[in-house]
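Peer 1: Below is the structure I would like to discuss, written out as structure tokens.
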Amino acid sequence: MKDPAHFPRRSFVAASALALTAVQTTSGTDAVETLAIHGGPKACPLAFSRPKRWGNEELSQLAQAVEQPSLYYWQNKQTNLLTKRFQDFYHHRFVQPCSSGTAALHIAVAAAGIGPGDEVITSAITDIGTVIGVIFQNAVPIFADLDPLTYNLDPDDVARKISPRTKAIIAVHLKGNPCRMQELRSLADRHDLVLIEDCAQGWGAKYRGQPLGTLGDIACFSLQDSKHITCGDGGVVATNSEKFGPLLIKYGDKAINRLNPSDSSNVIACNYRMSELQAAFVAAQLQRLEGIASKRSQLGSFLTKQLEDVDVLSLPRVEADDRCVYWSYMCRLKLDRVKCSRADFIKALAAEGVSFLAGYIRDPLYRLPMFQQHSFFAGRWPIKELGLTTVDYQMVALKTTEEILETCMRFPLNEGMDENYLKQVALAVRKVARFYAI
Ligand SMILES: *Cc1c(COP(=O)(O)O)cnc(C)c1O
């Protein structure tokens, strides 16, 4: 409390007196206390235990794979087990394990028939992997603005962005919070668009009781190390559609249609296969999924309850009948309600023993140099040179998208934490918020 610019002497004296009484008489919930960054005691001295993410189950599944004569995926044991366990959650008829979430999305876009000059509407706050496949198909990502409280696609802005060239929507369930699928579904149906779900951050989440990934036409998942379940790197793409199903195999495996060998390789496709070793690991990880998803969902709602009355924060909105799986807990700092920067707020929290991270991706995707310079392919963008698109990413500016990135903070919530720990996290946030509130 020694920042004269922010804290005039009179209130400093008053606050110190208050702090003393508070320390003596209350549990500290409403006390004005000296911030740890100014030499006060830490509000969150507890450390949380990191979850042990794999162990004997993965080892014994890997051991089974090692006994096999082949580690190739096609109709092999571990891939079949992965597929069966995935289907226990998702009930998709066609399931294609692949090498990454980015690969899953590229396969989905290719299977959806997206080609040169076609437009695909999606979020600009997401992993770049959401749009890499779109660009490789020579199609055009079109960015729609987001909801300020869920950070997901705003269906009204999606509707405004639909053009005669639009072929698909990629709904990114950011942080594992479901997009407004009913609205997006009806837009897609009305305009004959393929609805692709990017569930990379949404393993185990639910929209109105339905698993995320079962509401669109094609679902894409990532198994990269930071995701809810993992094999280091990997992905899954899945669908119930008879039309797209066989194409997932084809576009994941060098355009060979193993279901129908007479279907000749009339397109170009990458090798995005997953080996039996990764499949074994994922099969074991899938057994942990429900536990991880329900724990994160419960902890995230608990944290929101604990922070509900912190006026300087805007908390993530989750619909009552949805299940958000909090890939991380992302909230926003109301910069007009505090007399500090986001960086200062986070620094003060760190001193209290709580680690929040500022922002998410640094810039909305359209601000990346490859978009600003239209330089995707060795400095060129053939479809623009050929006049197949007139999109100019230098002209793109999405108000809410940019505001979200300027104000958001992420708390790395995970299933190793518990309510006791989160209570302390909330105490620290309230303490810092009280100090900096205007
Ligand atoms: C992680 C992620 C991807 C890409 O997955 P990789 O496995 O890293 O290729 C795509 N979209 C979102 C939303 C992600 O979080």
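Peer 1: Please state which of the following conditions T150 fails to meet, knowing it meets all the rest: (1) in contact (Cβ under 8 Å) with a residue 40 or more places away in the chain; (2) over 22 Å from K295 (Cβ atoms); (3) assigned to a loop (DSSP other than H, G, I, E, B).
Peer 2: Evaluating T150 over (1) in contact (Cβ under 8 Å) with a residue 40 or more places away in the chain; (2) over 22 Å from K295 (Cβ atoms); (3) assigned to a loop (DSSP other than H, G, I, E, B) leaves (2) as the failure.
Peer 1: Also, quick follow-up: Just checking: which of the helices (runs of 4 or more DSSP H) contained wholly in segment 382-438 hold 3 or more residues that are more than 25 Å from the chain's Cα centre (by Cα) and within 17 Å of Q372 (Cα to Cα)?
Peer 2: Here the list reads 382-385.
Peer 1: Suppose we filter I170, I132, I107, I125 for residues that are closer than 19 Å to S222 by Cα, β-branched (V, I, T), within 13 Å of the ligand (Cβ to nearest atom) and in a strand (DSSP E or B); which single one remains?
Peer 2: Going through I170, I132, I107, I125 in turn, just one is closer than 19 Å to S222 by Cα, β-branched (V, I, T), within 13 Å of the ligand (Cβ to nearest atom) and in a strand (DSSP E or B): I170.
Peer 1: Residue check: is E415 touching a helix residue (DSSP H, G or I) at 6+ places or on another chain (Cβ under 8 Å) and among the acidic types (D, E)?
Peer 2: The answer is yes for E415.
Peer 1: From the list R288, R296, R258, R273, which one is touching a helix residue (DSSP H, G or I) at 6+ places or on another chain (Cβ under 9 Å), modelled with pLDDT under 95 and at negative phi?
Peer 2: Of the residues listed, the single one that is touching a helix residue (DSSP H, G or I) at 6+ places or on another chain (Cβ under 9 Å), modelled with pLDDT under 95 and at negative phi is R258.
Peer 1: Follow-up. Whether any residue in segment 157-166 is assigned to a loop (DSSP other than H, G, I, E, B) and surrounded by 21 or more Cβ atoms within 10 Å (Cβ to Cβ) is what I want to check.
Peer 2: Checked segment 157-166: no residue is assigned to a loop (DSSP other than H, G, I, E, B) and surrounded by 21 or more Cβ atoms within 10 Å (Cβ to Cβ).
Peer 1: Quick one: count up the residues across segment 188-201 that are away from the ligand (no atom under 16 Å from the Cβ) and of a type in the set (D, E, K, R).
Peer 2: Residues flagged as away from the ligand (no atom under 16 Å from the Cβ) and of a type in the set (D, E, K, R) within segment 188-201 amount to 3.
Peer 1: Which members of segment 249-272 meet the condition of being within 16 Å of the ligand (Cβ to nearest atom), out of contact with any Pro (no Cβ under 9 Å at 6 or more places or on another chain) and not hydroxyl-bearing (S, T, Y)?
Peer 2: Once the filter is applied, which keeps residues that are within 16 Å of the ligand (Cβ to nearest atom), out of contact with any Pro (no Cβ under 9 Å at 6 or more places or on another chain) and not hydroxyl-bearing (S, T, Y), segment 249-272 yields C270, N271.
Peer 1: Would you point out which residue out of G176, G232, G204 is closer than 24 Å to L277 by Cα and within 11 Å of the ligand (Cβ to nearest atom)?
Peer 2: Only one candidate passes the filter, namely G232.
Peer 1: Taking interchain pairs and intrachain pairs at least six residues apart, which have beta carbon atoms under 7 angstrom, with the first residue in segment 295-310 and within 13 Å of W327 (Cα to Cα) and the second part of a helix (DSSP H, G or I)?
Peer 2: Sorted first by the residue in segment 295-310, then by its partner, the pairs are L299/L422.
Peer 1: Still on this model: S222 fails exactly one of the following numbered conditions: (1) more than 9 Å from the ligand (Cβ to nearest atom); (2) of a type in the set (S, T, Y); (3) crowded, with 24+ Cβ neighbours inside 10 Å; (4) closer than 25 Å to V318 by Cα. What is the number of that condition?
Peer 2: Every listed condition holds for S222 apart from (1).
Peer 1: Being within 16 Å of the ligand (Cβ to nearest atom) and in contact with a Pro (Cβ under 8 Å, 6 or more places away or on another chain) is the filter here, so list the residues in segment 315-335 that pass it.
Peer 2: Within segment 315-335, C324, S328, Y329, M330 qualify.
The values are calculated or read from the model by the stated rules, or taken from the named source; none is laboratory data. Keep in mind it's a predicted model, so treat the numbers as computed, not measured. No Cβ is skipped: glycine too gets one built from the backbone with ideal geometry, and neighbour counts run over all protein chains shown.
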